[in-house]
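Below: the structure, in structure tokens.
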Amino acid sequence: MKIPFGTIAVSKKSRRLIDGALDTLKLSSGRLVKDFEAGFAGLVGAKEAVAVSTGTDADILALAVLHDFGAKRGDEVIIPALSFVATGNAVLHAGFKPVFVDVERHTLNIDPKKIERAITARTRAIMPVHLMGKPADMDAINRIAKKHKLFVVEDAAEAHGAVYKGRNVGTLGDMAAYSLYIAHIITTIEGGIVTTNRPEFAEVLRSLRSHGRACKCRVCVVNTCGALCEKRFSYGEGSDIRFVFERIGYSCKMNELEAAVGLGSLDTYKKIIAKRRKNLLSMIAKFRKFAPWLTTIKEEKHEQIGPHAFAVILGEKAPFSRNELGVYLEKNGIETRHLFSSMPTQCPGFAFLKHKLGDFPNAEYIGNKGLHIGVHQDLGMRHVDYFIRKVEEFLAGKGIKF
Ligand SMILES: Cc1ncc(COP(=O)(O)O)c(C=O)c1O
């Protein structure tokens, strides 16, 4: 049996939309992107959604918006030490300095108790990550942000469908950035999207994704509006707002073929979430017996985990290494991924920030002892049971009985 990490299906509707776009040759960002943005915003319950090329671009742009709202280059953004490396990279690419805070081992998320001591006069934002779809402690984070007048940007890359205290993740801060990469629940193959309830942020996002242009209205994506735009030549004597660049921008628009895949994905979203949640919750329940040798995260009463993947963490006294377990699973057809690493101390790219091993013990622990595997919609109970059986066999081979 095989348990691949991710899967994708391109629906009949997506194929039809792709064919239509190819027939008309309207391929760069246009009507389908606009429709996808509206659908995604509706699903999350946010006023606005702005689609971009990748989840990393979504993170970068959501932070870069803050330059229009008082932030200066070199200001600081607080992020968890443990995440996929894109979170830290994005802070730097947006022109800020990442300030890392350790995570809690049992939630994998930023430890709110440690945030305030990381705040300085230059802190502008907190960017919590809802790792493995488990919502970060947003009440505590928002309380700290309010007290210190900081923006909150959720990295919701892995948190499609997550709910925190009855509210959808993606609506809990000033903006939220999602990845739409192929292994994620809603996908455009490659892609990302930022949601926000603040139209003034959405305008800047639309400008930033297209070189910092002054042309940034929601109704007018450059190639969808047949009529002459009234604003176009009214920016100043003879200026064309498409060629007025108001801010330092990026080039990361989503294209129509990607949006077509995304529109099909929105239609199947509810079914996919239900299937993935069933897989995830039964894996969590069946995995309990492996403690203290192996543990995972829990779903608590106040939340619904977005079923992105299943986390596996070795216990402190486990008499085997992550590699031994990972290789065993891979040999048995179960694809694994490391549960990321402590960006400041286990990712060589961040060495220039001069943190040292031991500064982020929980993130480093997970970085050494964590794995994750797929819970996607092509899997079902027989795959869950197969995975559990293989873990039992592995532990039995190590002399562990339960
Ligand atoms: C937490 C987190 N942030 C950001 C990203 C970046 O997304 P992308 O790979 O679409 O650039 C990912 C990727 O999965 C992620 O897991």
Quiz prompt | Filtered residue count, segment 266-320, keeping only those that are within 18 Å of Glu392 (Cα to Cα) and among the β-branched types (Val, Ile, Thr) | solution = 5
Exercise. Find the helices (runs of 4 or more DSSP H) located wholly in segment 332-402 whose residues include 1 or more that are without any contact (Cβ under 8 Å) to a residue 12 or more places away in the chain and loosely packed, with under 14 Cβ neighbours inside 10 Å, and list them.
Key: 381-397
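Looking only at residues in segment 141-194 that are of a type in the set (Ser, Thr, Tyr) and in a loop (DSSP other than H, G, I, E, B), which one is farthest from the ligand (Cβ to nearest atom)? Give the derivation first.
Filtering segment 141-194 down to residues of a type in the set (Ser, Thr, Tyr) leaves 164, 171, 178-179, 181, 187-188.
Those left that are additionally in a loop (DSSP other than H, G, I, E, B): 171, 187-188.
Numbers: Thr171: 18, Thr187: 10, Thr188: 10 Å.
Here the answer is Thr171.
Table: residues versus (1) more than 12 Å from the ligand (Cβ to nearest atom); (2) buried (at least 21 other Cβ atoms within 10 Å of the Cβ); (3) farther than 20 Å from Tyr365 by Cβ.
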residue	(1), (2), (3)
Val52	no, yes, yes
Ala58	no, yes, yes
Ala62	no, yes, yes
Leu66	yes, yes, yes
Ile79	no, yes, no
Leu108	no, yes, no
Practice problem: Search segment 128-140 for residues being aliphatic (A, V, I, L, M) and crowded, with 18+ Cβ neighbours inside 10 Å, and hand back the single one that is farthest from the ligand (Cβ to nearest atom). | Solution: Met138
Quiz prompt | Failed criterion for Thr123 (all others in (1) buried (at least 24 other Cβ atoms within 10 Å of the Cβ); (2) over 15 Å from the mean Cα position of the chain (by Cα) hold) | solution = (1)
Self-check item: Which numbered condition Tyr328 fails, given (1) outside any strand (DSSP E or B); (2) surrounded by 20 or more Cβ atoms within 10 Å (Cβ to Cβ)
Solution: (2)
Quiz item: Going by the structure shown, is Phe96 within 16 Å of the ligand (Cβ to nearest atom) and in contact with a helix residue (DSSP H, G or I) (Cβ under 8 Å, 6 or more places away or on another chain)?
Solution: yes
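None of the figures in this text is laboratory data; all of them are computed from the coordinates on show. Model, not experiment: these values are computed from the prediction. Cβ sites come from the backbone with ideal geometry, for glycine too, and all protein chains shown count toward neighbours.
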